[in-house]
1. Take the conditions more than 30 Å from Ser114 (Cβ to Cβ), at pLDDT 90 or above and touching a helix residue (DSSP H, G or I) at 6+ places or on another chain (Cβ under 6 Å) and apply them to Tyr220. Does it pass?
2. Hey, can you tell me all the residues within region 415-439 that are within 12 Å of the chain's Cα centre (by Cα) and aromatic (Phe, Trp, Tyr)?
3. Do any helices (runs of 4 or more DSSP H) entirely within region 134-238 hold 3 or more residues that are crowded, with 16+ Cβ neighbours inside 10 Å, and if so, which?
4. Quick test for you: out of Asn102, Asn162, pick the one residue that is of a type outside the set (D, E, K, R) and in contact with a helix residue (DSSP H, G or I) (Cβ under 8 Å, 6 or more places away or on another chain).
5. Which count do you get for residues in region 15-44 that are buried (at least 16 other Cβ atoms within 10 Å of the Cβ) and part of a loop (DSSP other than H, G, I, E, B)?
6. Provide a single number: the residues in region 334-378 that are open to solvent by 20 Å² or more (accessible area, probe 1.4 Å), without any contact (Cβ under 8 Å) to a residue 40 or more places away in the chain and in a loop (DSSP other than H, G, I, E, B).
7. Since Val514 meets every condition but one in (1) assigned to a helix (DSSP H, G or I); (2) within 53 Å of the chain's Cα centre (by Cα), which condition does it not meet?
8. Taking interchain pairs and intrachain pairs at least six residues apart, which have beta carbon atoms under 8 angstrom, with the first residue in region 213-226 and in contact (Cβ under 8 Å) with a residue 12 or more places away in the chain and the second open to solvent by 30 Å² or more (accessible area, probe 1.4 Å) and part of a helix (DSSP H, G or I)?
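The values are calculated or read from the model by the stated rules, or taken from the named source; none is laboratory data. Every value quoted in this text rests on a predicted model; they were computed, and no experiment measured them. Using ideal geometry, Cβ is built from the backbone for each residue, glycine included, and neighbour counts are taken over all protein chains shown. Ligands, DNA and RNA are stripped out before the accessible areas are found, and what is left, the full protein with its side chains, is counted by its heavy atoms. Shrake-Rupley method; radii C 1.70, N 1.55, O 1.52, S 1.80 Å.
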Amino acid sequence: MLGREFESEEQAETCYQQYARKAGFGIRRDNIRRNVNGNITGRTWVCSREGFRAAKYLQKRSRQREPRPLTRSGCQAQFRIILNSERKRWSCNYFQAVHNHNLTPPQLVHHLRSHRTVTDPELVMATSLQRVGVTPLQIHEFMVDRSGGYNRVGYNRVDVQNKLASNRRRHLKESDAETCLSYLEGKKSSDPSFFYDITVTSSNRLGDLFWCDGRSCADYALFGDVIAFDATYKTNAYRKPFVVILGINHHRRSIVFGFALLSDETEHTYTWLLETFLTAMNNKQPKAVITDGDKAMRNAIIKAFPQASHRLCCWHLARNAQTNVTSTEFTKDFRRFMLNAYSEEEFETKWKLMVEKHQVGQFEWVRKMYDERQMWAEAFLRGKFFGSMRSTQRSEGMNAFLNHYVNRRLRLIDFVKQMDRLMDRQREGEGKDNFDNCEGSHVLITHLKMYERQAAVTYTRAMFRLVRDELEKEGLLMAIIGGRDVMSTTYFVRHFGVSGNEVKVVITKPTNTVCCCCKLFETNGIPCSHTFVVLKAENITEIPRSIILSRWTKDAKIMDHSSLETCSTIAHYMTEEARVGLIFSSCRTLLRYAASSVGAYNVAITNIHNLTLRLEAMCQKDKSVAEPVRRSDNVVQDPDIVLTKGSLKRPKLGQQQQRKCSRCGVPGHNVRKCKHNTRQNQPFEDSCSQYNDIFSGSNVLRQHGLDRTLSSHVPSQHPHSRATKMSVAYPNTHCGVPLGSLSDSWLEHIPTTTDSDTSIPTLNTSTSTGRFNSIATSFCGPTNYGDIRKR
């Protein structure tokens, strides 16, 4: 190594690192020498065990964690280079290959810190995997599988986690909140219809945040008649309640209209959210709103959407009934009661019978629920369009869907980007539905082929199934004329062979407008079976346009796919991670052919090397990266951590059971305090003898006279001392390393020397006496593998 020349400092470091890996030790940078101009003229690398740990860290008593093992042993091995200013080359002027410690076996070298590195391409791939919800542990396992083993991957799980965290901090130009707002500003510059708004607290911290893109605004213009929203928790690092405002599209699929992160769940905050939402949607009021019944949310809806029909979630009502009323039979009857479409008169009668049957009239919650019956009972909500939505189940389903993208440690900028991925996946599902509507045709199975054929052409597949169900019900019904005049005809429809329960249907002849008292069309937007009976009786061969709701048809949403692909797919989706994934997938065929023969391998290696040099030169020219959009306002600080309301807790019924001991089964204590603990009966002398036997053959303690110090500081009374635990846990090991299984044959092939006289550093007894942990940790490695094997 002495006198060897290198073209650059990086080349010298790579050479010494490769040598250290083969020899079995770690390295680190030490001294650096500069000239008067500040240019580097010399560099020194040393062994990772160079020097000693400072005494102030050894004498620290206010520890909350176990101190790290002592790895510094004063090793003098080092590698030094200097710069020849005339030749512009680096040369080695000092090299010390002698170590005063045992070298690491080849099968364990990959655990040394200096030999664990996550390369830039691997970091880009790991970042892409993390963005789709893959954990650092799974990312590491994927890299291990791709590399062919843990010893070949070059790093461990913690390295991946730390590298991802440092990479995220590097991309945060300002605070987390300001970086997130800059990202939203960038999206707004590329999408003129993009909208976002914030509130700032008195301490200049981010309060509330709402955002939606242009496509969400266009979707709301078509399907914004019904919306549902609910707050969910544990989605971000600031514990902000996350609200997704969504609706239902023509495929009966949930569609997102906007996202919001709130500072609290008060009426004032919800009012701000809904008013901001209306501003983004050009002040178009929804016809119906479905929520979980939160009082603050309800009051905000009354203020912001005064003309909308507000419906309480039937699932939350049943949940509250189960929580507040202990009678399970009442809960079951109440659930069935909510799903029945009674008339208003039948509702009052059935309600009184149910309350008297279960004797729950004295409960305040039952009376409160009755007072709010116009917000959940079908008798009072019939005829108001809710798009077949009865609960916030779609919001709950969206919250479950979010768990694949978010977690409670996610920062604002990462959270917003994850929502972009969620929108991409949701819109991909909608595109698949559009494709399915164009491919193939339905199999006609009903007896009304003319109506079914028209429905198959008009409605989307999801809505066609509902209309077909009504067509099948028509075969069990019969219609009787109740009256006829110049403009309309009245029919009474009932089940064939069953008297009573007649349904009144009125059809207006000039426009073929059908009005049924079941109000299925007004509530869900599809024609009912009673309507098809009357159409057949009137000899009308097609479904009138007056009873076909345009929002459920295939033509409800006409889009320019070419412009969408140009503006969205190319401009927004081709990120660095996307390009890496595309290149990686494109190289699979290349890998197969390149490894098929030696000639193909040589050609592939040569061309890959040349292409790498060309791309490296291109990257040097394109080094200037555009800065993110910066806001001219005052920098907004990161938000405070929010205390959310949380979900309703079930009352604990009955007496709480006391935990029992897992050994004797008696309550009142655990296994560590159990009187039948067999470990207390084990003689302490046996434990100490086992511990001393482990170190009896080691010349570490004998050389420095530490066997006396060790025995004098081993506890002699407490049966659960550290010495007892170590002797029991490792009866045949030395500091966790199995004895008699190591080989020193690998040392013969390493071109280095080890000074056996200085294999163990001189220990300062003034700082180590009385410190059993430091002594045991300092000498966790034996001096001679052969001595251990013989012993």
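1. no
2. Result: Phe415, single match.
3. Ranges flagged: 136-147, 157-171, 176-190, 214-223.
4. Checking each option against the conditions leaves just Asn102.
5. The number of residues fulfilling the criteria is 3.
6. Qualifying residue count, region 334-378: 7.
7. So Val514 meets the others, but not (1).
8. Close Cβ pairs (under 8 Å, with a partner that is open to solvent by 30 Å² or more (accessible area, probe 1.4 Å) and part of a helix (DSSP H, G or I)) amount to Asp213/Lys187; Arg215/Arg427.
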